[in-house]
């Protein structure tokens, strides 16, 4: 719109008149602006509410873990003897124990004879490391079937004392190699990285000089604890491998590590020194402070989101103004759902706690929650599991051989009957005849095995094995050390019965299988026609409906009340196996509610979509209205400009007439 001067020839203020008229015309636009501002304020308010609900959900998700309410603490009567900690899995049971540490676990250490220099030549060939238990009473070394046999090659590039050290360390086989100077010579010291009697070391040399047991060349590093000194036992033992030995309440316990996690369920002991004859106490007690902190976190989190809703949706009498979301149906619904969830009772596997008021959590007049610490302490003293069930999703099987694994968000609270029609089994392969105990390199030392669909090829150590157990241990060790299997996380157990070797997958279910497709040692080890038995999945019903079995895991199918309920069936008889009592605690329910509220198709997302659509509609209406205003202003200006021109013309005519009238001869009445 160009600049228009007022009163082209008249005194008419065209700009002023048009401005005043347009101010009236623009009043509906101001109303749209206010509406848009209100909608944007609601967007901001919902953003605040989403943030509060997101923080609330995170807290509830954490508190839905039963361990948060089953906290116990363990304390040692003498921290110089041992320290103790309780796990967070809720399995530790309060109690008092007497602990006497008789000996600590330790690693084996052996060392070589002295060498003049660290670069002194040792020899070439291979060093084979095996792990096992040496019994000095019968002078026998029994292989540890849980550890694979490892071989390190020593060639001209690393055949010095320091080269051997570096080669062993680089192989990462569970042996630490160092060189110690004793003042006159250098000794190679080899230490097992793992403590325990079953981690004793046996080192076999394959010396390029052709003599594997003498005291020259690479065979100087051989160490067979059952051999004669200087004839295969050429290293000196500086420290024997031994287990930790202790007594807990008079019960003798032997463990391979000084960190003991499975003597008292849920409690870890870290042994530091012996205290023979002077037992120290161990106390396992409920961690009331930890439980109180969890309940307080629940109350605080609820109150925070409740206050946010109140600030956004209630009327502030002091400020004489309402919240941005006052009267908003979605905000009111969210507030109502939160309060209803906390007010409702819950089913409980323990059957004793069904409401928050029973542990001292109750509503106040303003809608917030408050905690009665004394009442909570009383509930804590009565049992940790009861409180955990009040907050978390819990399943409690009646059968001790059935373990609750988890549930989905669709699993409904209730009691579900369990019936097992088939137990899970591992795939296996059993030889058709006793295995030959003589293994000859290049003749019958190779075995090709496929376990759970993953193929591996192993080479057994040549020699005459003392027993079928020793041969089975060798197969087990080599098999579980095969790179393809370890990379895939697959393992197997090799055993023997009456000399017949069996290989069993460590995995349950229909995906479990063992086959031996070849290898020059297959026939001697397993016979001409070994029997393969495929693994099977567990089968049964949950609440009378056939469930899905995967290995030992039994899962309730879709469309049922128990949908998503997951159970581990650890053996036991076929047939009816009792019930699983499943409940959803408050934290679990509120976590699910917050998840639904914050979902992409939830009530908040729907409300935001509606508000954004309204803002877009207002923007469109504003654009249309502004166009109409421009047209109206143009029309007003055209009309008042025409009026101004007309008035100007009339003014000119008036002036002309005045001039003409003035020029007329005056009437001389005196003549």
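Decide, for region 30-106, between rounded, prolate and oblate: order the square roots of the alpha carbon gyration tensor eigenvalues as a ≥ b ≥ c, take rounded if a/c falls under 1.5, and otherwise choose prolate if a/b is larger than b/c, else oblate.
Prolate shape, in that a/c is at least 1.5 and a/b is the bigger ratio.
Once every DSSP H run of n ≥ 4 in the chain is given -39500 (n - 2.57) and the sum is divided by its residues, what mean residue ellipticity at 222 nm do you get, rounded to the nearest 500 deg cm²/dmol?
Result for the chain, helices only: -11000 deg cm²/dmol.
Which whole-percent values make up P(r) of region 94-221 when all C-alpha to C-alpha distances are grouped in 5 Å steps starting at zero?
Binned Cα distances yield the sequence 2, 10, 18, 21, 18, 13, 8, 4, 2, 2, 1, 1, 0.
Any chance you could list the semi-axes, whole Å, largest first, of the equivalent ellipsoid that the Cα gyration tensor gives for region 288-393, using √(5λ)?
31, 15, 10
Hey, what D do you get for region 426-533 in µm²/s if you plug the Kirkwood alpha-carbon radius into Stokes-Einstein at 10 °C and 1.306 mPa s?
Estimated diffusion coefficient is 119 µm²/s.
R0 = 30 Å: FRET efficiency of residue 366 with residue 600, Cβ-based, nearest 0.05?
0.35
What is the Rg over Rh value, at two decimals, for region 176-318, using alpha-carbon atoms and the Kirkwood definition of Rh?
The Rg/Rh ratio comes out at 1.38.
Would you kindly state how much longer the chain becomes between residue 120 and residue 79 on full extension, computed as 0.36 nm times their sequence separation minus their alpha carbon distance, in nm to one decimal?
Computed gain between residue 120 and residue 79 is 10.1 nm.
Can you give the relative contact order of region 109-239 as a percent, counting alpha carbon pairs under 8 Å and 6+ residues apart?
Relative CO of region 109-239 lands at 33 percent.
Residue 405 to residue 532: extension gain in nm, 0.36 nm per residue of separation minus the Cα-Cα distance?
Between residue 405 and residue 532, full extension yields an extra 42.7 nm.
With a point put 7 Å past each Cα toward its Cβ, work out how far residue 609 is from residue 550 in nm, to one decimal.
In this crude spin-label approximation the distance works out to 3.2 nm.
Suppose a student asked you for the relative contact order of the chain, using Cα pairs under 8 Å spaced at least 6 residues apart; what percent would you report?
With pairs under 8 Å counted, the relative contact order is 17 percent.
Assuming R0 = 60 Å, can you tell me the calculated FRET efficiency for the pair residue 61 and residue 648, based on Cβ-Cβ distance, to the nearest 0.05?
FRET efficiency, residue 61 to residue 648: 0.15.
Only bridges with both residues in region 109-239 count here: give the DSSP antiparallel percent, nearest 5.
Just about 95 percent of them are antiparallel.
In Å, what is the Rg of the alpha-carbon atoms in the chain, and how long is Dmax?
43.4, 175
Once the Cβ-Cβ distance between residue 329 and residue 627 is put in as r, and R0 is 30 Å, what FRET efficiency do you end up with, to the nearest 0.05?
Efficiency at R0 = 30 Å is approximately 0.30.
With the convex hull built on the Cα atoms of region 222-291, state its orientation-averaged projected area in nm².
Average of the hull's projected areas for region 222-291 equals 7.7 nm².
Between residue 659 and residue 138, how many nm apart are label points set 7 Å from Cα along the C-beta direction?
Each label point is offset 7 Å from its Cα along the Cβ direction, giving 14.5 nm.
How high is the relative contact order of region 242-340, in percent, counting Cα pairs under 8 Å that sit 6 or more residues apart?
That works out to 11 percent.
What length, rounded to one decimal in nm, is gained on full extension from residue 443 through to residue 619, with 0.36 nm per residue of separation minus their alpha-carbon distance?
Fully extending the segment from residue 443 to residue 619 adds 54.7 nm.
Quick note: the coordinates plus some simple rules give every number you see, no bench work behind them. Being a predicted model, the structure only gives us computed values, none of them experimental. Every residue, glycine among them, receives a Cβ derived from its backbone with ideal geometry; neighbour counts consider all protein chains shown.
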